[in-house]
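Structure first, commentary second.
The values are calculated or read from the model by the stated rules, or taken from the named source; none is laboratory data. Owing to the predicted nature of the structure, the values given are computational and were not obtained by experimental measurement. FYI the Cβ positions are ideal-geometry reconstructions off the backbone, even for glycines, and counts take in every protein chain you see.
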Amino acid sequence: MLDSIVFYFFAGIAVLSAALMVTRRNVMHSAVFLVTTLLSIAGIFLQLRAEFLFVTQIIVYVGGIMVLFIFVIMLVRLDVPLHQMRFRFQRLVALLVAFALGVEVLVILLLARKLPGAGLFVQSTAPVSKLPPNSEELSRTLFSNYLLPFEIASVLLLVAMVGAVVMAKGRKRADES
Amino acid sequence: MMSPAHYLFLSLALFLIGCVGVVTRRNVIVVLMSIELILNAVNINLVMFSRVFGDVAGQVFALFIIADAAAEAAVGLGIIIAFFRNRETVMTDEMDLLKW
């Protein structure tokens with residue numbers, strides 16, 4: 001009972017603020033609504049007993065990525081709201097395509113009800129009290145079975161860091177001096 | 001725990017909202033934010049199935065997706081700043097350098 005209340009609370013906030021994020025005209029408002037969405041998704045991770053991902057989501061997304069976004073929003077001039085709404089047609093087509101995609105996945109999900117057994121509506125077998133400590137379990141798997149992807153991810157982050165610095169630095173302006 | 005279908009529907013809703021944002025918005029920063037939303041919607045599925053099957057590998061994958069999202073955001077925002085320095089705009093309609 002409490003579980004479902006927590007789920008519907010966070011899911012409602014996530015969907016509502018995601019919709020507001022897409023529709024707000026002001027980019028800074030969009031960023032703040034995205035922060036709300038990410039925080040409620042973190043709450044859903046916690047409800048799924050993934051404590052480590054809950055903390056990672058807050059630290060990396062809300063504390064890192066969104067701060068980066070807000071810095072860029074403040075660096076870039078954004079005072080062109082007037083001709084934002086010019087293409088009504090594009091919006092219509094986009095909504096149509098998204099609607100078609102949604103219907104498609106909904107049909108698949110509803111057909112999955114016919115799977116043998118309970119299908120997608122099966123309840124989890126492991127009770128909460130039997131779950132191992134999440135961070136410990138996660139780190140054991142990450143550093144044994146997934147050690148090579150972990151190292152590759154570190155190289156990817158290094159490359160992205162160098163790439164971002166090179167992109168944002170710009171070339172020297174020798175002609176101005 | 002709720003049934004997996006609840007999480008699938010939540011994830012589907014967030015994914016679709018992200019898709020609409022990518023296609024309709026004309027500000028590149030909002031497009032990037034919508035991509036982050038899509039990645040998060042996928043993460044919900046991974047974590048939920050990891051809980052259902054009692055296997056922690058799904059959470060490892062979600063961790064890798066978070067790392068990828070961070071890398072993607074850093075490079076994307078760097079590109080946006082470089083583009084803004086050259087063209088003084090971040091609107092997708094103005095990005096027509098190959099057209100003359």
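Are there any helices (runs of 4 or more DSSP H) wholly within the stretch A:20-80 with 3 or more residues that are more than 30 Å from B:Thr92 (Cβ to Cβ), and if so which? Answer list for the stretch A:20-80: A:27-47, A:51-56. For the stretch A:132-161, the candidate set comprises residues that are facing another protein chain (nearest Cβ under 10 Å) and under 20 Å from B:Gly78 (Cα atoms); within that set, the residue that is surrounded by the most Cβ atoms within 10 Å (Cβ to Cβ) is A:Ala160. Screening A:Thr36 on (1) among the hydroxyl-bearing types (Ser, Thr, Tyr); (2) without any contact (Cβ under 8 Å) to a residue 24 or more places away in the chain; (3) within 10 Å of chain B (Cβ to nearest Cβ) shows it passes everything except condition (3).
Scanning the stretch A:162-177 for residues that are at pLDDT below 85 and more than 8 Å from chain B (Cβ to nearest Cβ) yields a count of 8.
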